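A.B. asks: To start, I am sharing the structure in question, which I have written as structure tokens.
None of the figures in this text is laboratory data; all of them are computed from the coordinates on show. Not measured: the values here are computed from a predicted model. Reconstructed Cβ throughout: ideal geometry from the backbone, glycine too, with neighbour counts over all protein chains shown.
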Amino acid sequence: MSPTGPQLNPLLHRLANCPPDFLLGPDEIDVTALACDHFRALGLAIPDPKQRRLLAELPSESLRLVSIVLWLLRDDWFVVRPQLAEATWKFLQSDSLTKLAKLVRAEAIVNDPDRREELVRLCLKGLGLYPEGETPEYAADRLTTLDSVERERVIRQTRKAEARARELREAMARRRAEEAAARYSPE
């Protein structure tokens, strides 16, 4: 991240006011059409058919997040910056959105303050920006604090380490019991 982006609070407010239509599944709303409308609003050509097909093939929950991101990016701050179009397109198809969609439902992104902030910060990072009034270091640290994917990774690692520690304790207890039994058994 390097260039300063928009202020965080207006984006959080915009996301909190996301219309319910943007939370619909891809069978009820055409996310590819939303993306094309966004690029038209930027004054750019719509993505080519291959790119549109790649977007349409994303998992359902990912497409729900994409539609929410498109709502967020229709903020005036982004619309007057067509130079962000390439980064926007990459972010819409990024693993970061797909991973987040596996852990957090679209409704939580809009309704939960921490998840809203996570998505806004993730979006800004995906576009190579950080919030106005923050340093890049603070922005990265705050995103790490909110990061659902990272939290899930840490939880999995912790569970694995706890299971390994339990196995080691059980193995040591068995070994001590075997040694004690061997010491006191008649020969």
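A.B. asks: Say we look at the stretch 58-73 and pick out the residues that are more than 14 Å from residue 16 (Cα to Cα) and touching a Lys or Arg at 6+ places or on another chain (Cβ under 9 Å); which of these is surrounded by the fewest Cβ atoms within 10 Å (Cβ to Cβ)?
C.D. replies: Filtering first and then ranking leaves 59.
A.B. asks: If you don't mind, there's one more thing I want to ask. How many of the residues in the stretch 124-180 are over 20 Å from residue 92 (Cα atoms), assigned to a helix (DSSP H, G or I) and touching a strand residue (DSSP E or B) at 6+ places or on another chain (Cβ under 7 Å)?
C.D. replies: Here the count works out to 2.
A.B. asks: Take the residues in the stretch 74-90 that are of a type in the set (Lys, Arg) and over 20 Å from residue 23 (Cβ atoms); name whichever of them is surrounded by the most Cβ atoms within 10 Å (Cβ to Cβ). Steps first, answer last, please.
C.D. replies: Within the stretch 74-90, the first condition is being of a type in the set (Lys, Arg), and the residues that meet it are 74, 81, 90.
Narrowing the set further to residues that are over 20 Å from residue 23 (Cβ atoms) leaves 81, 90.
Details: 81: 17, 90: 12.
In this case the residue turns out to be 81.
A.B. asks: Can you tell me which residue in the stretch 128-137 is surrounded by the fewest Cβ atoms within 10 Å (Cβ to Cβ), limited to those that are within 12 Å of residue 4 (Cβ to Cβ) and not polar (S, T, N, Q)? Outline the logic, then answer.
C.D. replies: Looking only at the stretch 128-137, we keep the residues that are within 12 Å of residue 4 (Cβ to Cβ), and these are 128-136.
From what is left, the residues that are not polar (S, T, N, Q) are 128-134, 136.
Values: 128: 14, 129: 23, 130: 24, 131: 23, 132: 13, 133: 11, 134: 19, 136: 15.
Per the criteria, the residue is 133.
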